[in-house]
Amino acid sequence: MTGPVLARAAALIVLTAAVALFPLAAGTYPVKLLQEILIWGIFAMSLDLLMGFAGMVSFGHSAFFGIGAYTAALLLPKFPGLLAALVAPAVAAGLGALVIGFFSIRVSGVYFIMLTLAFSQMFYAVAFQNAFLGAEDGLVGIPRPAVLGMSIGSTGAFHAYLLVIAIVCALFLWRVVRSPFGHVLRGIHENEARMQAVGYPVNRYKLAAFVIAGMLAGVAGSLYTQFVGSISPSAFLWTTSGEALLMVIIGGTGTLFGGILGAGAFILLQSLVSSYTERWMLILGLTFVLLVLFAPGGIVGALRGRVGLRA
Amino acid sequence: MAGSDLFAQALNGLSYGVLLFLLSVGLTLIFGMLDVVNLAHGSYYMLGAYAGLALIAATGNFWLALAVAPLAVGVVGIVVERTCLRPLYRRGPLDQVLLTFGLIYVFEDLVKWIWGGRIRSIPTPELLASSVNVWGAVIPSYRLFVIAFGLVMAIGLWLVIEKTRLGAIIRAGVYDSEMTAGMGINIHRVFTLVFAFGAALAGLSGVIAGPIQSAYPPMGASILIPALIVVVVGGLGSLKGSLAGSLLIGQAETFGKAWLPGASMLIIYVVMAVVLLMRPQGLFGRALK
Amino acid sequence: MAQLTRRKFLGGASAIAAGAAAGPWVLRAHAQGAPIKIGLVLPYSGVYAVLGESITQAMELVFARENWTVAGRKIEMIKEDDEMQPPVGIRKTEKLIESDKVDILTGPVHSGILMGMRDKVHNSKTILIVSNAGADAISRERCSKWIFRTSFSNWQPNQPMGGWVAKNLTKDVFIMAPNYQAGKDQLGAFKETFVPAGGKLVGEDYPKLGETDYAPYLTKIRQSGAKAVYAFFSGTDAVNFVKQYDQFGLKQSIKLTGAGFLTEPDVLPAQGRSALGVITGHFYTPLLENPTNVAFVRDFRAKFGGKMPDGFACQGYDTAETIVRALKAVGGNTQDKEKLVAAIEATAFESPRGPFRFDPKTHNVIQPFIYIREVKEVAGGLNNVPFDKVADVRDPGTGCTLPS
């Protein structure tokens, strides 16, 4: 193992330990902020698979977040177990991604962005106007599942549960990206025509990536429902996709773990800054502008540059 | 439904479609010609509306505001293009997304800081404050003005782009910027001009839409999606497409609202999905690889 | 010598006795020297920021009048911007309850945020005084003994209007509201008294929320033969609808009426003359002539640069007034929550809207009046001028079972 790789692994282990032990050191509100960062981090990482590796910029990723969230919200009150909490939302989101992906992958570039956006807005419209789904106020009173017979109602228990799932998702994505499948995706991102000429069924690979990303987004959505105990149609909004997009870009596109860092930066900016000043929007906007102009690789890019670790 | 009812709704659809055209033509120019993802398009629309408000407050003259506000927004466009966008042409769409998203927040908060968050509105100019009866259909005279103005604008733009030297330079610059620069034309200045022009058009639509709609700091977001959809349906960078797309959507939305209650949230997305699935490059866009 | 000693002894003994008796009081006052924390979850950014500001300003007016002190304790207001987004609103609620440990929570504007907050508030036994969100459910099946509402339920401004319009204007009405549950609920309340009074629904339509072009709907209204329109719209929808209604020349032949939000001061300046003659029903207008309101308008304008208070400000006033009175009634004791809840429930006072009291059955405000108002030009500009009223409007509270 070379120096930079060891250093990076050590940093990750230290960070994970810090996150795991955070509830012992801090009050409930900061811990809940951290939990929310982990959830959005999973969402952002799944989007990075699409954007950073497969080169597909999707503005409709919130559709799968929402499908996962609502599936959990509908099932958990009746079946408070892991099947309803994790498996069903992932499957439902995956199916949604299969259908939407099948149609969307026919187009590319801006058209792909707009078509995926259209689909998620359609979901929003349906959820907003459907009484069974709670209409504009959404569904409330969702219980957390029992995990291996134990309740995860307390903040500490939920923290452990969430951390385990986040680590599993991150490792899974890391493996996918490093696998032959991941390499093909990167090849498609770099030069789709060449991959096609060589004989790869490009569309099938893209669709697979779309479904995998969608399933993980569904898990993130379900975790969000379990975290808050309720869900509203805003989960489907194009602005939710937009925020995930920003998190990926801020963290560093194509870095995978940048998604969690970006989620952290965004949520902290959005929540903390607004507690101190009315001009939080101005600060947020200027931060983005300055970030783009002076830190093009996102947070991870800046870190790598600073510490001297090459990509 | 009686013929005059049908005609009345078609007229409504035309006025809405023309308004959409004015809203989106600036975006298609920037998108198609500069290949820049300008999510802050709605912000220029908002700046135009507020500049219009300020000018009307100062002079009481709507027509003056209509003429001058777009110029002010164009200047803002020049500043943005030279300071923020120029470094990003080579960097690709993702960075442009983040930057223009940041600009949305910045502009919205600045406007709120200066003018406050209260809802405001540009009053209808006295000359056009009544409604008229056109072959049995009642329509506000202001909307008739919008239709006329929009169609004149469409023809004017087409003439500039297709028939003037400036238009030729722009078209050349879009097609092959290196070659055009190689022929001694200051390509940077052309790009700045096009961007500023696109922003000015958005600002103009902000003033024109003013008497019909409201002005409030987050208003940019409300037209961004419709504008993007029109551009995509029509085909990126195509003036003809922008007009065709907006007129199509105008009629679809209007009749959808009249005949399919409950579906009004969905219509515009369904139209776009259908068009893209049949013609992935939009109605008049260049065929993609 | 003995006398002095006895006096001294008696003096000393009584001092000790007094001290012993006062001891617990002194200790409690010490513990209660800590400020009373009032949390506000409101929008301070976005279009609805003006509502958040109005509500907050009125609360500040009341607290300032009390010198920011109640029962010897300082009042501390902790404001959190919910950005009108449920995820942010819920996050801020958690912060106020768990991190700041507020004694009383107030807000929000957005009904979705309120519904998301409800369980957190109920389960943590935090007292919430709803200062705006009108979701009927909070006074019905989702009521809670910890939750009070000083603003209104969506049902209240609309229900009396149905009968009133049918009797005083016309029986041929076209009704309209944005296509979401709150909109449908509001029109539902209107229909409750409209239909029994002989009203005929000539048309019913639900444009999407955030619609910018109402032309197709206005054309339909003209073609329907309606003699009046009853509409619920708020914010930018209200501005767009009223302006376009006027531009289409409908006002002359088809009277425009609606729930108060159609012409409240947050939208009236933008509507301008296009709102003239519009008739609405609401629990407040700054032109009310009762002495409490006259003083309220005067003080509010003096403190906030001539700004005219609106219904939202009245809601803020009533929220702060309730807090002050209830706290005084329990001597500033925020530890005994049951007592505080009982004190709030019993609060009654003269509000700018009239005699204010809560309905013990639902913890919702009983509207002393729903005033019927018409937009007219008066000294100082356009305003909602009251000319009729319906008394004692209380939410039916179907499905609410509060423990006694």
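The values are calculated or read from the model by the stated rules, or taken from the named source; none is laboratory data. In this text the structure is predicted, and so the values were computed from the model without any measurement. Here the Cβ positions follow ideal geometry from the backbone for every residue, glycine too, while neighbour counts run over all protein chains shown.
Couple of notes before you dig in:
- Of all residues in region B:135-148 being closer than 15 Å to B:Leu66 by Cα and in contact (Cβ under 8 Å) with a residue 60 or more places away in the chain, the one that is nearest to the other protein chains (Cβ to nearest Cβ): B:Tyr142
- Scanning region B:145-162 for residues that are touching a Ser or Thr at 6+ places or on another chain (Cβ under 9 Å) and either among the acidic types (Asp, Glu) or closer than 18 Å to C:Asn240 by Cα (or both) gives a single hit, B:Val146.
- Criterion (crowded, with 23+ Cβ neighbours inside 10 Å and assigned to a strand (DSSP E or B)) met by exactly one of C:Arg373, C:Arg357: C:Arg373
- Of the helices (runs of 4 or more DSSP H) lying entirely inside region B:186-280, those containing at least 1 residues that are at pLDDT 95 or above span B:187-209, B:239-259.
- Qualifying residue in region A:148-160 (condition: within 14 Å of chain C (Cβ to nearest Cβ), of a type in the set (S, T, N, Q) and under 22 Å from the mean Cα position of the chain (by Cα)): yes
- Residue check for A:Ser46: polar (S, T, N, Q), in a loop (DSSP other than H, G, I, E, B) and either surrounded by 24 or more Cβ atoms within 10 Å (Cβ to Cβ) or modelled with pLDDT under 95 (or both): no
- Test: residue in region C:134-148 that is among the acidic types (Asp, Glu) and at pLDDT below 95: yes
- For region A:121-143, the set of residues classified as of a type in the set (S, T, N, Q) and either more than 9 Å from chain B (Cβ to nearest Cβ) or surrounded by fewer than 24 Cβ atoms within 10 Å (Cβ to Cβ) (or both) consists of A:Gln129, A:Asn130, listed by residue number.
- Restricting region B:191-234 to residues that are without any contact (Cβ under 8 Å) to a residue 60 or more places away in the chain and in contact with a Gly (Cβ under 7 Å, 6 or more places away or on another chain), the residue that is farthest from the other protein chains (Cβ to nearest Cβ) is B:Val233.
- Region B:89-109, subset at the interface with chain A (Cβ under 7 Å from one of its Cβ atoms) and free of Cβ contacts under 8 Å to residues at least 24 places away in the same chain, residue surrounded by the fewest Cβ atoms within 10 Å (Cβ to Cβ): B:Arg91
- Residue in region C:167-176 that is touching a strand residue (DSSP E or B) at 6+ places or on another chain (Cβ under 9 Å) and within 14 Å of chain A (Cβ to nearest Cβ) present: no
- Residues satisfying the stated conditions in region C:154-207, i.e. under 21 Å from C:Ser224 (Cα atoms), among the β-branched types (Val, Ile, Thr) and surrounded by fewer than 21 Cβ atoms within 10 Å (Cβ to Cβ): C:Thr170, C:Val195, C:Val202
- Residues in region A:110-144 that are in a loop (DSSP other than H, G, I, E, B) and of a type in the set (A, V, I, L, M, F, W, C): 5 in all.
- Output for region B:1-42, where each listed residue is part of a helix (DSSP H, G or I), touching a Ser or Thr at 6+ places or on another chain (Cβ under 7 Å) and modelled with pLDDT under 85: B:Gly32
- Residue within region C:296-307 that is surrounded by fewer than 24 Cβ atoms within 10 Å (Cβ to Cβ), under 19 Å from the mean Cα position of the chain (by Cα) and of a type in the set (A, V, I, L, M) present: yes
- Top-ranked residue in region C:55-106 [being hydroxyl-bearing (Ser, Thr, Tyr) and under 25 Å from C:Asp299 (Cα atoms); ranked as surrounded by the fewest Cβ atoms within 10 Å (Cβ to Cβ)]: C:Thr69
- Test for A:Gly60: is it at pLDDT 95 or above, of a type outside the set (S, T, N, Q) and surrounded by 24 or more Cβ atoms within 10 Å (Cβ to Cβ): no
- Every condition in (1) touching a Leu at 6+ places or on another chain (Cβ under 7 Å); (2) among the hydrophobic types (A, V, I, L, M, F, W, C); (3) surrounded by fewer than 24 Cβ atoms within 10 Å (Cβ to Cβ) holds for B:Val73 except the one numbered (3).
- A:Phe210, sole failed condition from (1) under 27 Å from A:Val31 (Cα atoms); (2) more than 14 Å from chain B (Cβ to nearest Cβ); (3) touching a helix residue (DSSP H, G or I) at 6+ places or on another chain (Cβ under 7 Å): (1)
- Residue in region A:63-77 that is part of a helix (DSSP H, G or I), touching a Lys or Arg at 6+ places or on another chain (Cβ under 9 Å), within 14 Å of another protein chain (Cβ to nearest Cβ) and aromatic (Phe, Trp, Tyr) present: no
- Residue in region C:227-246 that is surrounded by the fewest Cβ atoms within 10 Å (Cβ to Cβ), counting only those that are in a strand (DSSP E or B) and of a type in the set (A, V, I, L, M): C:Ala228
- Against the conditions (1) more than 14 Å from chain A (Cβ to nearest Cβ); (2) over 19 Å from the mean Cα position of the chain (by Cα); (3) buried (at least 18 other Cβ atoms within 10 Å of the Cβ), B:Val132 satisfies every one except (3).
- Selection within region A:226-255 - within 11 Å of chain C (Cβ to nearest Cβ) and touching a Ser or Thr at 6+ places or on another chain (Cβ under 9 Å): A:Ile231, A:Ser234, A:Ala235, A:Leu237, A:Thr239, A:Thr240, A:Glu243
- Checked against (1) over 13 Å from A:Leu293 (Cα atoms); (2) in a helix (DSSP H, G or I); (3) more than 10 Å from chain A (Cβ to nearest Cβ), B:Trp113 passes all but condition (3).
- You will find that of C:Gln252, C:Gln247, the residue that is free of Cβ contacts under 8 Å to residues at least 12 places away in the same chain and not β-branched (Val, Ile, Thr) is C:Gln252 and no other.
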